[in-house]
Amino acid sequence: MKGKVIHIKENSFLGLIENHSIIFDEGKNSLSPMQTLLLSLAGCTAMDVWNIMLKKRQKLKNLEIEIEGKRRDSYPRVFTEIILKYIFEGDADEKACEQSIKLSMEKYCSISSMLKNTAKIKTCFEII
């Protein structure tokens, strides 16, 4: 995987990787790098959990993940705690939800594997 970041203006940058792009800034007009990292974690685990639930023959209509990150006050301002709330919509079994989240967090999600060394990652879920 190769990419690059190019200065646009002031504190804005264009990120390019494998025919995709994103604009970064300080979170004023675009996503900040830390916001992007938080969303990347949610996206990574969402894909894992969705696919695991399908393999478990769960009849999901939708999956939404709310994410909140708490950062250290001093530099580097790493995440110290991340809270993920999975909201399953459809006919889903509680045990299947728990197992899917656990498998994602402990085995499949590369981003959670990297972040868990600096941040406490908490998960919870609800079925609607």
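Only the coordinates and a few stated rules stand behind these numbers; no lab work does. Computed from a prediction, not measured in an experiment: that's the story for all the values here. Counting neighbours? That spans all protein chains shown, and the Cβs are built from the backbone with ideal geometry, glycine included.
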Notebook entry, point to check: Once every DSSP H run of n ≥ 4 in the chain is given -39500 (n - 2.57) and the sum is divided by its residues, what mean residue ellipticity at 222 nm do you get, rounded to the nearest 500 deg cm²/dmol?
Noted result: -9500 deg cm²/dmol
Check: Cα extents of the stretch 33-127 along the three principal axes, largest first, in whole Å?
Finding: 45, 21, 20
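How much net charge surrounds Ile17 when only the other residues with a Cβ under 10 Å from the Cβ of Ile17 are counted, with Lys and Arg +1 and Asp and Glu -1?
Result for the local shell: +1.
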Notebook entry, point to check: If you add up the charges near Val78, with Lys and Arg at +1 and Asp and Glu at -1, over every other residue whose beta carbon is less than 14 angstrom from its beta carbon, what do you get?
Noted result: +4
Check: Which FRET efficiency value, to the nearest 0.05, is calculated for Lys9 and Ser113 with the Förster distance at 30 angstrom and r the Cβ-Cβ distance?
Finding: 0.25
Checklist line | Cβ-Cβ FRET estimate between Ile17 and Val78, R0 fixed at 22 Å, reported to 0.05 | finding: 0.45
Item checked: Entries in Lys9/Lys70; Lys9/Lys116; Lys2/Lys70; Lys2/Lys56; Lys4/Lys120; Lys59/Lys116 that, when Cα-Cα distance is taken, lie over 32 Å -> Lys9/Lys116; Lys2/Lys56
Note to self: Among Met105, Thr123, Leu39, whose Cα projects farthest towards the positive end of the dipole of the chain, with charges put on the beta-carbon of Lys, Arg (+1) and Asp, Glu (-1)?
What the structure shows: Met105
Item checked: Within the stretch 43-68: backbone nitrogen closer than 18 Å to the Lys85 label point (7 Å, Cα to C-beta) -> 43, 46, 62-68
Checklist line | From phi via Karplus (6.51, -1.76, 1.60), per-residue ³J(HN,Hα) for the stretch 89-94 in Hz, x at Gly/Pro | finding: 10, x, 8, 10, 7, 4
Check: What residues qualify as long-range amide H neighbours of Thr123, i.e. H under 5 Å apart, gap of 5 or more or another chain, H built at 1.01 Å from N?
Finding: Leu84
